[in-house]
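Every number in this text was worked out from the coordinates using simple rules, so none of it is lab data. Just so we're clear, the structure is a prediction, and the values are computed from it rather than from any experiment. Neighbour counts are summed over all protein chains in view; Cβ atoms, including those assigned to glycine, are modelled from backbone coordinates with ideal geometry.
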Amino acid sequence: MTDNTPHQGPPVNGPGDQEKKGFLADLFAPVAGFGVTFATMFRKVPTEEYPEEKRPTQLRFHGRHQLNRHPDGLEKCVGCELCAWACPADAILVEGADNDDATGQRFSPGERYGRVYQINYLRCIFCGLCIEACPTRALTMTNEYELADNNRADLIFTKDQLLAPLQSGMLPAPHPMVEGMEERDYYQGKVTGPTQAQRDWVEAHEESKQEEHVS
């Protein structure tokens, strides 16, 4: 036999129940809006004692740029201007010039070097596209992030400010390349430091400069 008893579904809320829920929702709605506020009011605030205590940045943090050098002191930048072309904010200005061995004006192992290099940090968005475009790894980004200033002109960094400081044993450019080495040898890591011939050339060049200045 089949049971013809009608199926009893879930109880349907009447108009009174709906009015009761609506009244409670309206009553607690202002308080619920401040729920996050009330929950955070009594939490301990993690205070950072900056600048006395500085938090370390991540290893791949995008901070101030740096123009790197080879182990003998020559600059890695060859003035190709690819970083300036890749910059979406038009913050980089590069003007290349030719190296001239005849006059001793060699700043990089390549045919050219960056004579003028500027980065406008009022425009820079620290995206890192410039360092990806650099074919010689001359431009990298450091972990330095304290770049605030009250003068717009001081936020335009020049080559002297961006160039990496001389490490122990490096010679300041300009000076000749390591004898017997080509440009590709520098980028293959075959140059590990300056030679005695380079040191003698720099000393002689500085002495001649001093004699010209005295005369």
>> Taking R0 as 45 Å, what FRET efficiency do you get between Glu146 and Ser168 from their Cβ-Cβ distance, rounded to the nearest 0.05?
In response: 0.95
>> If packing is taken as the average number of other Cβ atoms within 10 Å across a peptide's residues, how do 101-111, 182-192, 148-158 rank, most packed first?
In response: 101-111, 182-192, 148-158
> So what's the angle, to the nearest 10 degrees on a 0 to 90 scale, between helix 15-33 and the longest Cα principal axis of the chain?
Replying inline: 30 degrees
> Among the aspartates and glutamates, which fall within straight-line cross-link reach of Lys190, defined as a Cα-Cα distance under 15 Å, with same-chain neighbours fewer than 8 residues apart omitted?
Replying inline: Asp72, Glu179, Glu182
> What shape does the stretch 110-215 take by its C-alpha gyration tensor, where a ≥ b ≥ c are the square roots of the eigenvalues and a/c under 1.5 counts as rounded, a/b above b/c as prolate, and the rest as oblate?
Replying inline: oblate
> Can you work out the FRET efficiency for the pair Ala97 and Asp160, with r the C-beta to C-beta distance and R0 = 22 Å, to the nearest 0.05?
Replying inline: 0.90
> Once every DSSP H run of n ≥ 4 in the chain is given -39500 (n - 2.57) and the sum is divided by its residues, what mean residue ellipticity at 222 nm do you get, rounded to the nearest 500 deg cm²/dmol?
Replying inline: -8500 deg cm²/dmol
> Pairing the Cα long axis of helix 196-214 with the longest principal axis of the chain, what angle in degrees results, from 0 to 90 and rounded to the nearest 10?
Replying inline: 80 degrees
> Convex hull over the Cα atoms of the chain, averaged projected area in nm²?
Replying inline: 29.3 nm²
>> I want the local charge near Leu147. Using Cβ-Cβ distances under 12 Å, sum +1 for each Lys or Arg and -1 for each Asp or Glu among the other residues.
In response: -3
> Can you list the HN-Hα couplings for the stretch 84-90, worked out from phi with the Karplus curve (6.51, -1.76, 1.60; θ = phi - 60°), rounded to whole Hz and with x for Gly and Pro?
Replying inline: 5, 5, 7, 5, x, 9, 6
